[in-house]
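> Sharing a structure here in structure tokens format.
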Amino acid sequence: MTTTDTRPHPGGFATLAGRSVARVGFGAMQLRWADADDEPVAVLRRAVELGVDHLDTAEFYGDGTVNRRIRAALAPYPEHLVLVTKVGATANPGGEIELRLAQRPEELRAEVEANLTTLGVDRLDVVNLRRADMPPGLIAEGDQVVDLDDQLAVLMGMRDEGTIGAIGLSNVSADQLRRALPAGIVCVQNAYSLVDRTTEPVLDLCREHGIARVPYFPLGSSWPGTPKVTDLPAVISVAERLGATPSQVGLAWLLAHAPETLLIPGTRSVAHLEENVAAGGLLLDAEAMAELS
Ligand SMILES: NC(=O)c1ccc[n+]([C@@H]2O[C@H](COP(=O)([O-])OP(=O)(O)OC[C@H]3O[C@@H](n4cnc5c(N)ncnc54)[C@H](OP(=O)(O)O)[C@@H]3O)[C@@H](O)[C@H]2O)c1
């Protein structure tokens, strides 16, 4: 951040891949489910207007649909925007589920190239390697069980070539992160929220090494039947006391819980987006933190 930077910065500034970003970013996966482009385009443009400068996406969100919507809404991209994508799966058109794993090194390279094309960029700011050793999601079997070092080698090669700015990891254990540290990991994207704190040891390691921690499913996900942060009695009671919404309390807790946390809540609604961005300004007092933690 420079002293002349007067942009809004929801949640304050943090560093991601050597760039200054607002701590409240945006996860674009939900934009997959809109029937037409208008709604996603409006959400993305409003996000940037509100100071969001960190977008999370993937080519396999609707076989390039989300990336194309990001490009339609925002290209030519603002200079300060940090585009983060992920590899490790690919679209599976006509399949029972719409994606399949793509963990092999040549598949990682192909997925990076597909992201470059649909986003319309020469370089991806950050690419997260999404591992598939543990839930949630598909678990690697057969030729999809690939050594982490082989995967990092291909990503480091692309970083040397300049098509990747920086490397992150997703869905990893503390041991895997420790092993990958020499590759220069800038962020870790694991599921984490008030309803699922199982990856806390990874957070500790991120803190120790100055790595950005980007929880996915920060509100508990959109998956039907899974626990939701907004249903927790403590969240509802703190929200009522502070005059905030339960979603805002869940997001503000993540920001307050660990300073290296960057948020990427997902929504296809402008109203929810505005609410989530405003969570960056919600201060939880000691009583609220105690009740939630
Ligand atoms: N690395 C990985 O493996 C991985 C996996 C999954 C997701 N991700 C990334 O993480 C991002 C966040 O995850 P997510 O979108 O699945 O889960 P999430 O942010 O925990 O929850 C999204 C759900 O919450 C709802 N929601 C959002 N804001 C709300 C608000 N203010 N009030 C009420 N409901 C609200 C959304 O519905 P509405 O659309 O109706 O608002 C949607 O159903 C994704 O967009 C994606 O970029 C990464």
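The values are calculated or read from the model by the stated rules, or taken from the named source; none is laboratory data. Bear in mind the structure is a predicted one, so any value in this text is a computation, not a measurement. Neighbour counts are summed over all protein chains in view; Cβ atoms, including those assigned to glycine, are modelled from backbone coordinates with ideal geometry.
> Of all helices (runs of 4 or more DSSP H) completely enclosed by the range 71-186, which ones contain at least 1 residues that are over 22 Å from Pro215 (Cβ atoms)? Reasoning before the result, please.
Numbers: elements: 105-119, 148-161, 174-180.
Filter on the range 71-186 gives 105-119, 148-161.
> Separate question: Got a number for residues in the range 216-227 being within 8 Å of the ligand (Cβ to nearest atom) and either in contact with a helix residue (DSSP H, G or I) (Cβ under 7 Å, 6 or more places away or on another chain) or over 30 Å from Leu181 (Cβ atoms) (or both)? First the steps, then the outcome.
Narrowing the range 216-227 to residues within 8 Å of the ligand (Cβ to nearest atom): 216-223.
From what's left, either in contact with a helix residue (DSSP H, G or I) (Cβ under 7 Å, 6 or more places away or on another chain) or over 30 Å from Leu181 (Cβ atoms) (or both): 218-220, 222-223.
Qualifying residue count for the region: 5.
> From (1) touching a strand residue (DSSP E or B) at 6+ places or on another chain (Cβ under 8 Å); (2) in contact (Cβ under 8 Å) with a residue 40 or more places away in the chain; (3) within 12 Å of the ligand (Cβ to nearest atom), pick out the condition that doesn't hold for Ala212.
Every condition holds for Ala212 apart from (3).
> Would you be able to say whether some residue in the range 15-32 is closer than 24 Å to Val127 by Cβ and surrounded by fewer than 16 Cβ atoms within 10 Å (Cβ to Cβ)? Show your work before the answer.
Residues of the range 15-32 that are closer than 24 Å to Val127 by Cβ, as a first pass: 15-32.
Restricting the remaining residues to those that are surrounded by fewer than 16 Cβ atoms within 10 Å (Cβ to Cβ) gives 15, 18.
Yes.
> Taking Val112, is it touching a residue at least 24 places away in the same chain (Cβ under 8 Å) and farther than 16 Å from Leu138 by Cα? First the steps, then the outcome.
Numbers: touching a residue at least 24 places away in the same chain (Cβ under 8 Å): yes; farther than 16 Å from Leu138 by Cα: yes.
Answer is yes for this residue.
Let's see how each residue does on (1) of a type in the set (A, V, I, L, M); (2) under 15 Å from the mean Cα position of the chain (by Cα); (3) buried (at least 19 other Cβ atoms within 10 Å of the Cβ); (4) more than 8 Å from the ligand (Cβ to nearest atom):
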| site | (1), (2), (3), (4) |
| --- | --- |
| Cys187 | no, yes, yes, yes |
| Ala191 | yes, yes, yes, no |
| Val195 | yes, no, yes, yes |
| Thr198 | no, no, no, yes |
| Val229 | yes, no, yes, no |
| Ile236 | yes, no, no, yes |
| Ala239 | yes, no, yes, yes |
| Gly243 | no, no, no, yes |
| Val249 | yes, no, yes, yes |
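> List pairs: first residue in the range 233-245 and modelled with pLDDT under 95 and part of a helix (DSSP H, G or I), second residue of a type outside the set (S, T, N, Q) and away from the ligand (no atom under 15 Å from the Cβ) anywhere in the structure, Cβ distance under 8 angstrom, at least six positions apart or on different chains.
Cβ pairs passing all conditions: none.
> Next up: All but one of (1) farther than 30 Å from His257 by Cβ; (2) free of Cβ contacts under 8 Å to residues at least 60 places away in the same chain hold for Arg131; state the number of the condition that does not hold.
Answer for Arg131: the failing condition is (1).
> Output the residues belonging to the range 131-183 that are surrounded by 14 or more Cβ atoms within 10 Å (Cβ to Cβ) and at positive phi.
Across the range 131-183, the qualifying residues are Gly137, Asn171.
> Quick one: which residue in Leu255, Leu205, Leu262 is at pLDDT 95 or above, in contact with a Leu (Cβ under 8 Å, 6 or more places away or on another chain), of a type outside the set (Gly, Ala, Ser) and within 13 Å of the ligand (Cβ to nearest atom)? Spell out the reasoning first.
Details: Leu255 fails: within 13 Å of the ligand (Cβ to nearest atom); Leu205 fails: within 13 Å of the ligand (Cβ to nearest atom).
Of Leu255, Leu205, Leu262, the one residue that is at pLDDT 95 or above, in contact with a Leu (Cβ under 8 Å, 6 or more places away or on another chain), of a type outside the set (Gly, Ala, Ser) and within 13 Å of the ligand (Cβ to nearest atom) is Leu262.
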